[in-house]
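Participant: My questions will all concern the structure given below.
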Ligand SMILES: C[S@@+](CC[C@H](N)C(=O)[O-])C[C@H]1O[C@@H](n2cnc3c(N)ncnc32)[C@H](O)[C@@H]1O
């Protein structure tokens with residue numbers, strides 16, 4: 001079990017080998033400290049362990065709804081909800097009938113690493129350009145974000161920022177980077193790195209290289225409906 005503090009909140013999170021809390025989630029939690037969750041209706045999109053939704057519930061959210069494509073994640077998320085006494089957080093499999101609900105905030109740490117094998121339906125990988133799940137997030141948001149609601153999510157520079165921002169724009173959203181951090185890339189497994197280098201040539205991936213050590217830039221993105229006035 002991972003025990004950690006996010007602001008004033010103590011979180012106890014059970015993990016499995018496949019479904020865990022990542023450095024990304026911890027970074028997102030740091031930024032979410034600035035948001036007032038009191039009485040807000042929240043969606044945790046791609047809830048995994050449930051860490052983000054549990055944090056929102058503890059910060060006074062009226063309700064939290066989680067979605068994930070992985071049945072194991074839903075099971076683990078339920079265990080973590082019980083462990084942290086968050087009865088107002090309900091996780092659902094995304095293939096279930098989606099609840100007809102609109103959210104003040106949709107928060108997400110999407111799978112956004114580029115790979116060829118998977119198509120955004122795994123814990124880390126987001127398809128060829130790393131944006132499959134981000135596209136799903138925007139598709140979902142067009143139906144489920146309140147008119148004055150906001151989406152907060154992370155996107156690595158190893159995925160295509162341009163393609164994601166264009167997709168958001170075409171769906172009627174503003175895509176704005178509001179935070180950034182740099183972190184070393186520890187797992188250069190072959191297929192993944194080959195794809196990153198290929199995408200870099202077309203401007204669809206970026207990384208920093210200092211003395212042979214590669215780092216990614218992780219962006220915190222805020223998106224909301226574009227003001228069409
Ligand atoms: C990087 S993990 C983040 C998990 C958790 N939110 C966190 O911050 O630790 C991404 C999660 O999204 C789920 N996922 C992947 N593709 C998805 C999709 N298209 N729609 C919904 N969930 C998806 C994965 O099963 C995984 O649990």
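The values are calculated or read from the model by the stated rules, or taken from the named source; none is laboratory data. A quick note: this is a predicted structure, and the numbers were derived from the prediction, not measured. Using ideal geometry, Cβ is built from the backbone for each residue, glycine included, and neighbour counts are taken over all protein chains shown.
Participant: Being without any contact (Cβ under 8 Å) to a residue 24 or more places away in the chain and assigned to a loop (DSSP other than H, G, I, E, B) is the filter; apply it to segment 78-96 and report the residue that is nearest to the chain's Cα centre (by Cα).
Facilitator: Among those residues, the one meeting the criterion is 96.
Participant: Residues in segment 125-139: is at least one farther than 22 Å from residue 21 by Cα and touching a strand residue (DSSP E or B) at 6+ places or on another chain (Cβ under 7 Å)?
Facilitator: The answer is yes, given that some residue of segment 125-139 is farther than 22 Å from residue 21 by Cα and touching a strand residue (DSSP E or B) at 6+ places or on another chain (Cβ under 7 Å).
Participant: Confirm whether residue 50 is within 11 Å of the ligand (Cβ to nearest atom) and farther than 30 Å from residue 200 by Cβ.
Facilitator: Yes, satisfied.
Participant: So is residue 170 farther than 22 Å from residue 16 by Cβ and without any contact (Cβ under 8 Å) to a residue 40 or more places away in the chain or not?
Facilitator: yes
Participant: Another question about this same structure. Condition (residue is at pLDDT 95 or above and in a helix (DSSP H, G or I)) applied to segment 97-118: is it met by at least one residue?
Facilitator: no
Participant: Of the conditions (1) in contact with a helix residue (DSSP H, G or I) (Cβ under 8 Å, 6 or more places away or on another chain); (2) surrounded by 22 or more Cβ atoms within 10 Å (Cβ to Cβ); (3) over 19 Å from residue 26 (Cβ atoms), residue 172 satisfies every one except a single condition; which number is it?
Facilitator: Of the numbered conditions (1) in contact with a helix residue (DSSP H, G or I) (Cβ under 8 Å, 6 or more places away or on another chain); (2) surrounded by 22 or more Cβ atoms within 10 Å (Cβ to Cβ); (3) over 19 Å from residue 26 (Cβ atoms), the odd one out for residue 172 is (2).
Participant: I want to confirm something. Restricting to segment 146-158 and keeping residues that are surrounded by 23 or more Cβ atoms within 10 Å (Cβ to Cβ) and away from the ligand (no atom under 12 Å from the Cβ), which single residue is nearest to residue 201 (Cα to Cα)?
Facilitator: Ranking the qualifying residues of segment 146-158, first place goes to 158.
Participant: Now a separate question. Which numbered condition in (1) surrounded by fewer than 18 Cβ atoms within 10 Å (Cβ to Cβ); (2) under 18 Å from the mean Cα position of the chain (by Cα); (3) farther than 14 Å from residue 45 by Cβ is the only one that residue 142 fails?
Facilitator: All conditions pass for residue 142, except number (3).
Participant: Go through (1) farther than 22 Å from residue 148 by Cα; (2) more than 14 Å from the ligand (Cβ to nearest atom); (3) part of a loop (DSSP other than H, G, I, E, B) for residue 127 and report which single condition fails.
Facilitator: The one condition residue 127 does not meet is (2).
Participant: Something else now. Show me the strands (runs of 3 or more DSSP E) entirely contained within segment 152-229 in which 3 or more residues are in contact with a strand residue (DSSP E or B) (Cβ under 6 Å, 6 or more places away or on another chain) and more than 28 Å from residue 34 (Cα to Cα).
Facilitator: Fully inside segment 152-229 and qualifying: nothing.
Participant: Just checking, does segment 11-28 include any residue being more than 13 Å from the ligand (Cβ to nearest atom), over 25 Å from residue 146 (Cα atoms) and touching a strand residue (DSSP E or B) at 6+ places or on another chain (Cβ under 6 Å)?
Facilitator: yes
Participant: Now a separate question. Could you tell me whether any residue of segment 150-160 is over 27 Å from residue 188 (Cβ atoms) and more than 17 Å from the chain's Cα centre (by Cα)?
Facilitator: No, because not a single residue in segment 150-160 is over 27 Å from residue 188 (Cβ atoms) and more than 17 Å from the chain's Cα centre (by Cα).
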